[in-house]
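The values are calculated or read from the model by the stated rules, or taken from the named source; none is laboratory data. Treat the numbers as computed from the prediction; the structure is a model and nothing was measured. Here the Cβ positions follow ideal geometry from the backbone for every residue, glycine too, while neighbour counts run over all protein chains shown. Ligands, DNA and RNA are excluded from the accessible area calculation, which covers all protein heavy atoms including side chains. Shrake-Rupley method; radii C 1.70, N 1.55, O 1.52, S 1.80 Å.
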Amino acid sequence: MKDETLLCFDDDEYEKNKGAIVPPIYQTSLFSFEKWDDIEQAFSNPDKSFIYSRLHNPGTRLVEKKIAHLAGGEDAKLTASGMGAISAAIMHFVNHGEHIITIKNVYAPANNFIAKFLKEKCNIESTFVEGTTLKQFQDAIRDNTRLIYLESPASITMELQDLEKIVALAKAKGIATIIDNTWCTPLFQKPLSIGVDMEVHSVSKYLNGHSDVVAGIMIGKEKDLNEILVEEHALLGAKMSPFESWLLLRSLRTLPVRMRQHMENGMAVARFLEDHEKIGKVYYPGLESFPQYELGKKQMTGYGSLLSFEIETDELEKVKSFVNALTLFHLGVSWGGHESLVYAPSISYSKELTPEEFKARDIKVGLIRIHVGLEHQDDLIEDLRRALDHL
Ligand SMILES: Cc1ncc(COP(=O)(O)O)c(C=O)c1O
């Protein structure tokens, strides 16, 4: 089955659900059993049974299997947020006193989780590398390195990591790999087929795509996910709810159509910005001018529509006036929904980071991030043109 068909077709669910074209929501916290032996049997196979919805729920399970299939994984686990998936996945692979390598521009709460939370609570060390060459990873490896955590493209300046080379290095050294694949979705990048051990997503972005659900997912090998099910997943308890998994199933039907349109709109907006005299660099892996364009073509089959660009200024006031002049781009965090968004890292970095930490991230004051939604591209370009005229 092609991806589009897989996402629209529910196989044996129709018969099970009396022909219903939309499977029901199993809005229940627990499942009851006829006899003692039945519940005992369920406890012997928690990964195959419905006991309690913090572990498994039939509606949630349907979506997990669908997304696992889409990504080429053996199984998947949905979580209550992207961070729920990221934290559970990382803790599965790394123990007290071990070491993680990740990238400098990794999603900020993942950075905090690795650099501060895990260090303080679990004595887990970390090294942050640029991530654009294999040597940076090679040089960071220590005897106790257990995990390389990737995000490609990274969600601020969109740098890529060479997945094939990094996986080969990690495998040779017995190090596990995780990738945050939110930007591409499993439609445009299939890291598990290259040998990455686990893929995580903020489902709150493109997979759900309607800005009405906060959720996450881990996709990988059955063995890892079964262990996570009874450890991080069951003990920390960040499980997705039955209603949200039902909304997600609805959203997945249109994922390929939405992604094609996001890509078309994203490309049009990126080309407009690239040609504008008031704009410096545009960070978008779909542009031929992007330094890692060739690598992107090798490991991705399409592009998301989250991109960044630099307004040629050091004055925060000018950046503010540009952002305030936009009318179709909503000012807000997150991305991946139907609506276009604008955000400037200067807003939160100046609150969360010391001036030295901000400088170390190598992020300019004039850096703006936009998410290009599903509105008409001509309207979006006109809105940007008007706001740029203000400068
Ligand atoms: C790249 C990336 N990964 C993970 C997350 C975290 O996902 P959530 O907000 O669903 O916890 C986000 C959220 O913005 C993100 O942008």
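Points to keep in mind about this one:
- Looking only at the range 182-223, and only at residues there that are touching a Leu at 6+ places or on another chain (Cβ under 8 Å) and of a type in the set (Asp, Glu), the one that is least open to solvent (accessible area, probe 1.4 Å): 199
- Some residue of the range 99-108 being at pLDDT below 95 and in a helix (DSSP H, G or I): yes
One line per residue, one yes/no per condition, for (1) hydrophobic (A, V, I, L, M, F, W, C); (2) buried (at least 19 other Cβ atoms within 10 Å of the Cβ); (3) more than 16 Å from the ligand (Cβ to nearest atom):
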site: 119; (1), (2), (3): no, no, yes
site: 139; (1), (2), (3): no, no, yes
site: 142; (1), (2), (3): no, no, yes
site: 147; (1), (2), (3): yes, yes, yes
site: 158; (1), (2), (3): yes, yes, no
site: 166; (1), (2), (3): yes, yes, yes
site: 173; (1), (2), (3): no, no, yes
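- Once the range 325-350 is narrowed to residues that are closer than 16 Å to residue 367 by Cβ and in a helix (DSSP H, G or I), the residue that is most open to solvent (accessible area, probe 1.4 Å) is 347.
- Complete set of residues in the range 360-386 that are of a type in the set (Lys, Arg) and at pLDDT below 95: 361, 364
- Flag for residue 245 being open to solvent by less than 10 Å² (accessible area, probe 1.4 Å) and in contact with a His (Cβ under 7 Å, 6 or more places away or on another chain): no
- Residue within the range 124-132 that is surrounded by 22 or more Cβ atoms within 10 Å (Cβ to Cβ), in contact with a Phe, Trp or Tyr (Cβ under 6 Å, 6 or more places away or on another chain) and not charged (D, E, K, R) present: no
- Pair list, Cβ < 8 Å and 6+ apart or interchain, from the range 44-55 residues that are assigned by TED's automatic domain parsing to the domain that holds residue 80 to residues that are assigned to a loop (DSSP other than H, G, I, E, B) and open to solvent by 60 Å² or more (accessible area, probe 1.4 Å): 52/29; 53/26; 53/29
- Which numbered condition residue 215 misses (of (1) in contact (Cβ under 8 Å) with a residue 40 or more places away in the chain; (2) among the aliphatic types (A, V, I, L, M); (3) away from the ligand (no atom under 14 Å from the Cβ)): (3)
- Residue within the range 11-29 that is over 26 Å from the mean Cα position of the chain (by Cα), at negative phi, open to solvent by less than 70 Å² (accessible area, probe 1.4 Å) and of a type in the set (Asp, Glu) present: yes
- Among the conditions (1) touching a Lys or Arg at 6+ places or on another chain (Cβ under 9 Å); (2) in a loop (DSSP other than H, G, I, E, B); (3) away from the ligand (no atom under 16 Å from the Cβ); (4) of a type outside the set (Gly, Ala, Ser), the only one that residue 183 does not satisfy is (3).
- Residues being open to solvent by 10 Å² or more (accessible area, probe 1.4 Å), touching a helix residue (DSSP H, G or I) at 6+ places or on another chain (Cβ under 6 Å) and more than 16 Å from the ligand (Cβ to nearest atom) - total across the range 76-113: 2
- First in the range 141-168 and within 23 Å of residue 304 (Cα to Cα), second anywhere and within 16 Å of the ligand (Cβ to nearest atom) and among the acidic types (Asp, Glu), Cβ under 6 Å, 6 or more apart: 151/180
- Test: residue in the range 351-371 that is surrounded by 14 or more Cβ atoms within 10 Å (Cβ to Cβ) and farther than 20 Å from residue 154 by Cα: no
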